[in-house]
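Have a look at the structure below, then the notes.
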Amino acid sequence: MRLLELRQERKAALDAADAVVKRAEAAGRALTTQETTLFDKHMAEVDRLQAKIEPIEERNSLGTPHNGTVNLRNPGGAARPESWKDERGRTVHVLTNSQSFASAVEDDPRHTFGFGDFVKSLVAPNPEIQAALSESGGVASGDVTVPTFLLPGLIDLMRAKTVCIQAGALTVPIETETTNIARISADPTPTWRSEAGAVALADPTFERIQFKPQSLAVLVKVSQELIDDSANINQAILQCFAGAFAVELDRVGLFGTGAAPQPHGISGTTNVGSVDMGTNGVALTDYDPFVDAIQTLLAANAQMPTAAVMAPRTLTKAAKLKDTLGQPMRKPDLIQNLPFLPTTSVPINQTHGTSSVASEIVVGDFTQMMFGIRTRLRIRVLQERYLGDNLQYGFLADLRADVALRHPQSFCEVIGVL
């Protein structure tokens, strides 16, 4: 049995047990003897399925190369994924940028075709692919769910192209509509005490983060000639979809407004630090703003940053900095090994005082950012819309994702960069 099917059965058993409890709660009473027996039966089924799931998850070492996936940044890291338990006791994997999404959600990689081949088959039926997908209803035209074993390759490629993930952001595969995690909103304060003296209470403040994946849609148009003639159609379509999703994930991870249905990114989040370049902004003349950002992070009890993310314009200006002798300016030791990562998702037309061409730099420990990604993707074929105009097929894909910050104080925005 496939891992996904086992997880679905476990979820059904958990839901059944939950329904027993909710019926009693709705009636304002305790469980009857019969209900207790039924609840225990469902939970025993959960335990039985969990015993089958855990060995499969253990075999799926996320550092192991996987057919159709991409080696992400730091490919040599074969560390086991961090695992959480959700409010129902289910395992939730948390993947670093060196760990494969494919290995977290799939236990049977055996297939001879890829994501692009599947997309092509939606308009040019392939008997081999249809036979392989017969268990899930084949590849009939219309609104189609991408088979589980094809989706991870797309998501891993998308993650490899997402700058925030390159910077260290974590990925959480989401199998349900909502997933709750805890976040520390205020650190505890320890105090010294005398022998036999009372211990002062200084509990950390926790708050709930809820992953509620929002719909992210992209329309990809492919010419009929490309569909018919390209030998590398699998990689071409895969790259196209992954690139489109990656750009928007970066943008929303950094600057998502939080206004429905858009997730909230780093910018504007409460407790994210800020370094202002000046009333009307100013261009970089040295590396002091980066050092100032690190000071802001450390003062908030954050770790050293994993990256500084900026617009390409800012990156090139930083590379051109000169000392008094006209030589390339040396980075201070504090930021010598800090990666400078460019992305066009950082705007260069922000308003800052009288300037309308300002930008910013996001410096932070990106391991404190998480992308929750649903393990489902739907594609709709739009043949009539484009085929009659210029012999193109339209593929409308819908991915669901969300963004969360575990520790907002781990990020600092350098604003007003010209």
(request) Answer yes or no: is there a residue in the range 315-333 that is open to solvent by 60 Å² or more (accessible area, probe 1.4 Å) and within 18 Å of A169 (Cβ to Cβ). (result) no
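Only one residue in A293, A242 is open to solvent by less than 20 Å² (accessible area, probe 1.4 Å), over 17 Å from A307 (Cβ atoms) and in a helix (DSSP H, G or I). Which one?
Values: A293 fails: over 17 Å from A307 (Cβ atoms).
Residue meeting the stated conditions: A242.
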(request) Look through the range 1-40, keep the residues that are among the charged types (D, E, K, R) and touching a helix residue (DSSP H, G or I) at 6+ places or on another chain (Cβ under 8 Å), and return whichever of them is nearest to L151 (Cα to Cα). (result) R7
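Among the residues of the range 354-374, write down those that are assigned to a strand (DSSP E or B) and open to solvent by 20 Å² or more (accessible area, probe 1.4 Å).
So the first thing to find is which residues in the range 354-374 are assigned to a strand (DSSP E or B), and the list is 355-364, 369-374.
Those that are assigned to a strand (DSSP E or B) and open to solvent by 20 Å² or more (accessible area, probe 1.4 Å): S356, V357, R374.
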(message) Of the residues G258, G273, only one is in contact with a strand residue (DSSP E or B) (Cβ under 6 Å, 6 or more places away or on another chain) and open to solvent by less than 30 Å² (accessible area, probe 1.4 Å); which?
(response) G273
(request) Residues being part of a helix (DSSP H, G or I) and more than 30 Å from R376 (Cα to Cα): count how many of those fall in the range 8-38. (result) 10
(request) Just one of (1) in contact (Cβ under 8 Å) with a residue 24 or more places away in the chain; (2) over 23 Å from G243 (Cα atoms); (3) in a strand (DSSP E or B) trips up T351, so point out which. (result) (1)
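Just name the residue that is surrounded by the most Cβ atoms within 10 Å (Cβ to Cβ) out of those in the range 1-14 that are out of contact with any Asp or Glu (no Cβ under 7 Å at 6 or more places or on another chain), among the aliphatic types (A, V, I, L, M) and at pLDDT 80 or above. I'd like the intermediate steps shown before the answer.
Taking the range 1-14 first, the residues out of contact with any Asp or Glu (no Cβ under 7 Å at 6 or more places or on another chain) are 1, 4-6, 8-12, 14.
Filter once more, so that each one left must be among the aliphatic types (A, V, I, L, M): 1, 4, 6, 12, 14.
With at pLDDT 80 or above added as a condition, the list becomes 12, 14.
Numbers: A12: 14, L14: 18.
My answer is L14.
Are any residues in the range 406-418 at pLDDT below 90 and surrounded by 20 or more Cβ atoms within 10 Å (Cβ to Cβ), and if so, which ones?
From the range 406-418, those at pLDDT below 90 are 406-407; that's our starting set.
Matches in the range 406-418: H407 only.
Among the listed residues A17, A27, identify the single one that is in contact (Cβ under 8 Å) with a residue 12 or more places away in the chain and either surrounded by 12 or more Cβ atoms within 10 Å (Cβ to Cβ) or not aromatic (F, W, Y) (or both). Don't jump to the end; show me each part of the working.
Values: A27 fails: in contact (Cβ under 8 Å) with a residue 12 or more places away in the chain.
The conditions single out A17.
Hey, does the range 289-298 have a residue that's touching a strand residue (DSSP E or B) at 6+ places or on another chain (Cβ under 8 Å) and of a type in the set (F, W, Y)? Please lay out each step first, then the result.
Filtering the range 289-298 down to residues touching a strand residue (DSSP E or B) at 6+ places or on another chain (Cβ under 8 Å) leaves 289-290, 292-294, 296-297.
With of a type in the set (F, W, Y) added as a condition, the list becomes 290.
Yes, that holds for at least one residue.
The values are calculated or read from the model by the stated rules, or taken from the named source; none is laboratory data. For clarity, every value in this text was computed on a predicted model and none was experimentally measured. Note that we place each Cβ from the backbone using ideal geometry, even for glycine, and neighbour counts take in every protein chain shown. Keep in mind that these areas ignore ligands, DNA and RNA; they rest on the heavy atoms of the full protein, side chains included. Shrake-Rupley method; radii C 1.70, N 1.55, O 1.52, S 1.80 Å.
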